[in-house]
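Notes to accompany the following structure.
The values are calculated or read from the model by the stated rules, or taken from the named source; none is laboratory data. As the structure is a prediction and not an experimental result, all values here were calculated from the model. FYI the Cβ positions are ideal-geometry reconstructions off the backbone, even for glycines, and counts take in every protein chain you see. To get the accessible areas, we keep the full protein, side chains included, count just its heavy atoms, and leave off ligands, DNA and RNA. Shrake-Rupley method; radii C 1.70, N 1.55, O 1.52, S 1.80 Å.
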Amino acid sequence: MTRLIVWRHGNTDWNAKHRVQGQTDVSLNELGHQQAVEAAALLVRFKPGAIVSSDLRRAADTAAALSAVTGLEVSTDERLRERYFGLWEGLTMTEVAERRPDEYARWTRGEDVIGGDVETLDDLGKRVSSALIDAAGLVPSGGTVVVATHGAGARSGLGHLLGWPREQLRTWRALQNCHWVELTHDTSRGWQLAAYNVGAFSDRPVPPPV
């Protein structure tokens, strides 16, 4: 049985301000780096055989925290990038709702955004799921791969991989910063969801030890 851990990156200043990041290359903030270190201390227990990451800095730097405690090199795959949000990128969600209300209404209903040069959900799901499948192939059966990626990308990629309809994916809570999804695969049952939105902390800074 192969285990696949799909790990969302740590917090950024744009996350904190509810600003649309998409494929804009935003760095982790101090909290995000802290979250990555704390999560890595748990993920190392899965004894991963490979680490793969989106090439955007917030995901790659998250993956680097796990690399530091495993000694594994991180390979990058641009197919794991976040959804391309086109003209939305850099705006807060409040600004999107005010300036592009028709597009925002479609987004809130879980539909494809018409206009704004936003990537379709089908295209997103196909590219991320193909990267997940390739990542899983990096270890022999029985191994574990950790993939550092992004919230919207993870949701659509996992949905496509599992064959779940879009309506069902809307019942999933958003994947929190530096939380992960665990999937397993075997030849008789294929892909199965084992755990969702797993993490070791809240979105508040952890106080220093005394």
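Run the simple label-point estimate for Ala105 and Met1 please: 7 Å along Cα→C-beta, distance reported in nm.
Each label point lies 7 Å from its Cα, and together they span 4.7 nm.
With a 1.4 Å probe and all protein chains in place, put Thr62, Thr187, Thr171 in order of accessible area, largest first.
Thr187, Thr171, Thr62
With the Cα gyration tensor of the chain giving a ≥ b ≥ c as the square roots of its eigenvalues, does the rule (a/c under 1.5 for rounded; else a/b larger than b/c for prolate; else oblate) give rounded, prolate or oblate?
oblate
Rounded, prolate or oblate, given the Cα gyration tensor of the stretch 63-143, with a/c below 1.5 counting as rounded?
prolate
Could you tell me how many cubic angstrom of Cα convex hull volume the stretch 98-188 has per residue?
116
Give me Rg/Rg_expected for the stretch 46-108, where Rg uses Cα atoms only and Rg_expected = 2.2 N^0.38 Å with N residues.
1.58
Compare the peptides 135-146, 44-55 by average per-residue count of other Cβ atoms within 10 angstrom and give them in order, highest first.
Highest mean packing first, the order is 44-55, 135-146.
Using a basic spin-label model with each label point 7 Å from the Cα along Cα→Cβ, how many nm lie between Ala200 and Lys17?
The two pseudo-label positions are separated by 3.0 nm.
Nearest 500 deg cm²/dmol is fine: what mean residue ellipticity at 222 nm does the chain get from its DSSP H runs of n ≥ 4 alone, each adding -39,500 (n - 2.57), divided by its residue count?
Roughly -11000 deg cm²/dmol at 222 nm, from the helical runs in the chain.
What size of dipole, in debye to the nearest 20, comes out for the chain about its Cα centre when the only charges are +1 on Lys and Arg C-beta atoms and -1 on Asp and Glu C-beta atoms?
In total the dipole reaches around 560 debye.
In whole angstrom, how far apart do the alpha carbon centroids of the stretch 3-35 and the stretch 148-178 sit?
Centre-to-centre (Cα) distance: 16 Å.
Report P(r) for the stretch 1-100: all Cα-Cα distances, bin width 5 Å, range 0 to the bin holding the largest distance, values in whole percent.
P(r) for the stretch 1-100, in whole percents per bin: 2, 13, 22, 21, 17, 11, 7, 4, 2, 0.
Once the whole set of protein chains is in place, how much accessible area is left on Arg81, using a 1.4 Å probe, in Å² to the nearest 10?
Taking all protein chains as shown, Arg81 has close to 70 Å².
Put a dot 7 Å past each Cα toward the Cβ at Thr92 and Gln168; how far apart are the dots in nm?
About 3.7 nm separates the two model spin labels.
Work out, step by step, the length gained on full extension between Leu193 and Asp25: first 0.36 nm times the residue separation, then minus their alpha carbon distance; give nm to one decimal.
In short, 57.5 nm is gained.
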